[in-house]
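Before any comments, here is the structure.
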Amino acid sequence: MKLLEERILKDGIVLGDNVLKVDNFLNHQIDPVLMQQLGDEFARYFADKKITKILTVETSGIVPAVFTGLALGVKVVFARKQKSLTMKDNLYSATVYSFTKDVTNEITISKQYLDENDTVLIIDDFLANGQATNGLMEICNQAGAEIAGVGIVIEKSFQKGRKILEEQGMDVYSLARIKAFENGTVQFIEE
Ligand code: 5GP
């Protein structure tokens, strides 16, 4: 998506060999006008999949997920990284290693909000090694829900996430695909 690539070039900051900081529009300050355009694009791509629910993981997946839910007219559920005191039982859970924070979290979703009648679209801000998405897929499997596909805002294609998801037959639609970071600049895959 040209608009997103231009914004990454303008406001993204490359940290070290493999991390992109996009606090200017996605991970800290949020640009709702851009987010709405991303949500509309996910909705267009997955329009014929009969999605009944969007699933993401807190925190940074929530904004693109909500705009996609708005465009598709379906509810959005986010997995929690810390168990809430009001959410003790009846949980689906999966273990997820966080690439950027170097911690392992148990992510949980209440059984109340996902079941075998759902067709799920998974949305996340970044795809690196596929851990977060895999955790959400595991939760869908526990619920018996169908997974229609995965929508990613920024994919780092030089990491192994896409390969892992495609090996499991997933339709992965990423709005920006990064081939490499070269001398602190972002190189995209030409579509
Ligand atoms: P994965 O689970 O695919 O290994 O990593 C994806 C998760 O890690 C995303 O939910 C995102 O929060 C975080 N992440 C991975 N790589 C980056 C990055 O380069 N920049 C930022 N801001 N977050 C990242």
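Among all lysine pairs in the range 49-191 that are eight or more places apart or on different chains, how many have alpha carbons less than 14 angstrom apart?
The number of close lysine pairs in the range 49-191 is 9.
Given H placed 1.01 Å from N in the peptide plane, which residues other than close sequence neighbours of LEU127 have an amide H under 5 Å from its amide H?
Here the answer is ILE154, GLU155, LYS156, since their amide H atoms fall under 5 Å of that of LEU127.
Could you state the orientation-averaged shadow area of the convex hull built on the Cα atoms of the chain, in nm² to one decimal?
10.4
Determine the dipole magnitude for the chain: charges of +1 sit on the beta-carbon of Lys and Arg, -1 on that of Asp and Glu, nothing else is charged, the reference point is the Cα centre, and the result goes in debye to the nearest 20.
Dipole about the Cα centre, nearest 20: 320 debye.
In nm, give the distance between the simple-model label positions of LEU3 and GLU167, each being 7 Å from the Cα along the Cα-to-Cβ direction.
So the label points at LEU3 and GLU167 sit 3.6 nm apart.
Given the options ILE51, GLN29, LEU9, identify the residue whose Cα lies farthest towards the positive end of the charge dipole of the range 7-56 (+1 on Cβ of Lys, Arg; -1 on Cβ of Asp, Glu).
The residue sitting farthest along the positive end of the dipole is ILE51.
When only Cα pairs under 8 Å and 6 or more residues apart are kept, what is the percent relative contact order across the range 24-124?
It comes to 30 percent, rounded to a whole number.
Please sort 10-19, 146-155 by packing, taking for each peptide the average over its residues of neighbouring beta carbons within 10 angstrom, highest first.
Result, highest mean first: 146-155, 10-19.
At 222 nm, what helix-only mean residue ellipticity would the chain give, in deg cm²/dmol to the nearest 500, using -39500 (n - 2.57) for each DSSP H run of four or more?
Here the helix-only value at 222 nm equals -8500 deg cm²/dmol.
Report, by chain and number, residues whose modeled amide H sits under 5 Å from the one on ALA79, excluding near sequence neighbours (fewer than 5 apart, same chain).
Excluding prolines and chain starts, which carry no amide H, the hits are THR56, VAL57, GLU58.
Taking amide H positions as placed 1.01 Å from N in the peptide plane, with prolines and chain starts having none, which residues 5 or more places from ILE147, or on another chain, fall under 5 Å of its amide H?
For ILE147, the qualifying residues are VAL120.
HN-Hα J couplings of the range 45-62 from phi, Karplus 6.51/-1.76/1.60, θ = phi - 60°, integer Hz, Gly and Pro as x?
Along the range 45-62, the couplings run 5, 9, 4, 8, 8, 6, 5, 10, 7, 9, 10, 8, 10, 5, 9, 6, x, 5 Hz.
Whenever you get a sec, compute what percent of the accessible area on the range 2-188 sits on carbon and sulfur atoms (1.4 Å probe).
47
Return the distance in nm (one decimal) between the two label points of a simple spin-label model at GLN142 and LEU70, each offset 7 Å from Cα along Cα→Cβ.
Placing both labels 7 Å beyond Cα along the Cβ direction yields 3.0 nm.
Sequence gap at least 6, Cα distance under 8 Å: using those rules, report the relative contact order of the chain to the nearest whole percent.
Reported as a whole number, the value is 19 percent.
Using θ = phi - 60° and the Karplus form 6.51 cos²θ - 1.76 cosθ + 1.60, what ³J(HN,Hα) does each residue of the range 174-180 get, whole Hz, x for Gly and Pro?
10, 7, 9, 10, 8, 7, 6
In nanometres, what is the gap between the two model label sites at LYS49 and ASN18, each 7 Å from Cα along Cα-to-Cβ?
With each label placed 7 Å out from Cα toward Cβ, I get 2.6 nm.
So what are the range 6-103's ellipsoid semi-axes, whole angstrom, largest first, if each one is the square root of 5 times an eigenvalue of the alpha-carbon gyration tensor?
Each semi-axis is the square root of five times an eigenvalue, giving 24, 22, 11 Å.
Assuming 0.36 nm per residue, please report the length gained on full extension of the stretch LYS179 to ASN117 beyond their Cα-Cα distance.
Fully extending the segment from LYS179 to ASN117 adds 18.6 nm.
For the range 93-170, what mean projected area does the convex hull of the alpha carbons give, in nm²?
Projected area, direction-averaged: 5.0 nm².
Report the antiparallel proportion of the DSSP beta bridges in the range 2-188 as a percent, rounded to a multiple of 5.
40
The values are calculated or read from the model by the stated rules, or taken from the named source; none is laboratory data. It should be emphasised that the depicted structure is a prediction, and the values quoted were computed from it without experimental measurement. For neighbour counting, all protein chains shown are included, and Cβ atoms are generated from backbone atoms with ideal geometry for every residue, glycine included. Quick note on the areas: whole protein, heavy atoms, side chains included, nothing else; ligands and nucleic acids left out. Shrake-Rupley method; radii C 1.70, N 1.55, O 1.52, S 1.80 Å.
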